[in-house]
Amino acid sequence: MFGPFSGFAAAVWQVLTGRRTLFVLLLWLAVGAVVGVVAGPGEHPAEGVLMHVPALLLPFVWLARIATGVGRFWAAGAAVALVGTLFAGGEPGRLTVQPGAETERYLRPSISRPISTHLGGIVRMQADDESHIALSLGAGTKEQGTARLSFVDGREVRLGTWAVRHRRSLPGESPNLARVRALAAGQTPQNLTLRPGQSVTLADGTAVSLVELAADFGQGLGPAAQLEIRQGETRRTDWFFVDGPDLDARLGRGTWRFELAGVDAAPALELDVHRAGNPWIAVAGWGLMALVMLALATRRPTEAA
């Protein structure tokens, strides 16, 4: 009947009806539950595979084992519901992003508390204009998706396999921006705005990089920034302080002197995020299961002969 696929179909059916298949799947689910308890729900990268795969296969095992037509309809509905749930998106979680910063986790809603969950990539945000931001999702050098998101109209946009929407703006909490003034004899003073890891090249080819920021260096010295200055073959790294001019390296070696004008915390945006998908597949499966249960509940018992 199936031609060249008959052998494969027979093998799949043999696995589904095998005596040990149900035990293996239940054991698989148990291991996934243990991983979730030990590492924290949503924290272990393999937890999704350990939980989703056996949950997806179980209805098909029931479908193969149940002999009655009604039972098979119910199992088919469960299979459709579970498959649809994987693509339904679920309840939105919370993702916090800042301009120039990177994040790879969001807070997924749970019964007891939000769970920090990996996004499967790194989200980067850049300001686009007064009412839009540019988002990108990537892993290493591979880009999984980009989006232009408005934080005015509240529309949902697609970012790779995720759907995001602006929720609210948050005040900045951690420093992520340094304002530096570069001075040199015979050169026009330059005002630099740097983020951690960012590098700027000055007029004579000197490269200035922001290595690290501190809101209160040493818990008492105030805001500070660590700069790396590269001029030809010469490289030096110094801490610069907003409130401690006698502690920094403004008069250090090299052509340029640097003054730290300020350390700022850029405001953040909180986004709704969930898996992009269509919930109607799951709804159809649950509807089929409900119809089967309704049919069983309304069926009259067979009268005794």
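The values are calculated or read from the model by the stated rules, or taken from the named source; none is laboratory data. Computed from a predicted model, the values in this text were never measured in an experiment. All Cβ positions, even for glycine, are placed from backbone atoms using ideal geometry, and neighbour counts span all protein chains on display.
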Residues that are free of Cβ contacts under 8 Å to residues at least 60 places away in the same chain and not in a strand (DSSP E or B), drawn from the range 109-133 | Pro109, Ile111, Ser112, Arg113, Pro114, Asp128, Asp129, Glu130, Ser131
Set Asp272, Asp243: member being surrounded by fewer than 17 Cβ atoms within 10 Å (Cβ to Cβ) and either at pLDDT 85 or above or not in a strand (DSSP E or B) (or both) | Asp243
Can you tell me how many residues in the range 208-221 are assigned to a strand (DSSP E or B), in contact (Cβ under 8 Å) with a residue 24 or more places away in the chain and out of contact with any Asp or Glu (no Cβ under 7 Å at 6 or more places or on another chain)?
-> 4
Starting from residues that are within 16 Å of Arg168 (Cα to Cα) and at pLDDT 80 or above, keep the ones in the range 120-133 and report whichever is surrounded by the most Cβ atoms within 10 Å (Cβ to Cβ).
-> Met125
Name, by its number, the condition in (1) within 25 Å of Thr117 (Cα to Cα); (2) modelled with pLDDT under 85; (3) charged (D, E, K, R) that does not hold for Arg158.
-> (2)
Do we have any residue at all in the range 199-206 that's touching a strand residue (DSSP E or B) at 6+ places or on another chain (Cβ under 6 Å), more than 30 Å from Phe151 (Cα to Cα), among the polar types (S, T, N, Q) and modelled with pLDDT of 80 or more?
-> yes
